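Nothing in this text is a laboratory measurement; each read-out follows from the coordinates by a stated rule. The structure presented is a predicted model; accordingly, all values stated were derived computationally and were not measured. Don't worry about glycine lacking a Cβ; one is built from the backbone with ideal geometry, like all the others, and counts go over all protein chains shown.
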Amino acid sequence: MKRTNDTKPRFVGNPTEPETLSGKTEGIPIDPRVQRTRSAIWDALLALSVEKGFDSVTVAQIARRACINRSTFYAHFPDKQAVVREELARLLRDLRARQETPTPESIARFEPAKPHPNALRWFAHVTAHEDFYAAVLVTGELAAFEGEVAALVTGWAERRLREWPGPLRPELPLSALIAASTAQNLGLVRWWLSQDPRPGLDEMAVMQQRLQTEGILPLLGLGHDAPMPKGG
């Protein structure tokens with residue numbers, strides 16, 4: 001549907017910037033009403049996508065479900081794709097807040113058969129945003145965004161490896177190992193969300209840990225036998 005002049009977009013910050021999602025834009029707090037409106041828009045889009053598929057949802061339908069008008073929608077987002085991308089950025093922020101940075105010492109103490117806090121937090125994060133992950137990975141209403149979810153998970157892994165205090169000695173190309181790790185993690189989530197009944201968080205954490213410690217981490221040179229960095 002073609003936009004009229006009264007629906008010309010006016011953006012409140014960049015929808016995909018972490019500063020916007022944390023409630024601030026260039027150091028200026030965002031009005032709580034703005035945050036409520038954005039949340040209502042996202043809730044409406046997700047619900048409608050589950051009902052009829054993302055491609056079939058229109059901005060007019062989102063606005064109606066969110067109890068706003070179209071001009072208000074365009075004051076926050078240029079299109080419905082931007083709504084999903086803001087949610088993706090928010091999910092990444094949530095995941096970062098839940099995770100602790102691994103260290104050589106923590107890997108040395110790691111017990112593959114005992115649920116690690118980071119693995120538990122990953123599945124708790126998925127549980128907290130289950131409708132979104134299911135729509136992307138299982139039921140397919142938001143399948144078009146699976147590549148963007150994978151890109152965010154990959155970027156998160158790359159950032160953590162950049163922060164690693166010791167040398168990495170990957171046996172395969174680092175980019176290939178990160179891509180495999182991302183595919184493995186999302187594939188495990190896809191499988192988990194498809195189960196009925198589902199395994200518990202502890203069981204899933206151990207399952208993920210075994211896949212990592214028996215595959216990806218040794219190939220990265222980060223297994224239990226990897227040399228500790230100097231000063232570690």
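Considering only alpha-carbon pairs that sit under 8 angstrom and 6 or more positions apart, the relative contact order computed for the range 109-224 is 43 percent. Give me the Debye-computed log₁₀ of I(q)/I(0) at q = 0.17, 0.18, 0.19, 0.21 Å⁻¹ for the range 99-220, equal point scatterers on Cα only, no solvent, two decimals. For the range 99-220 at q = 0.17, 0.18, 0.19, 0.21 Å⁻¹, log10 I(q)/I(0) is -0.92, -1.03, -1.14, -1.37. Placing pseudo-labels 7 Å out from each Cα toward the beta carbon at Glu214 and Glu146 gives an inter-label distance of 2.5 nm.
Of interest is the spacing of the C-alpha centroids, which for the range 30-80 and the range 200-219 amounts to 38 Å.
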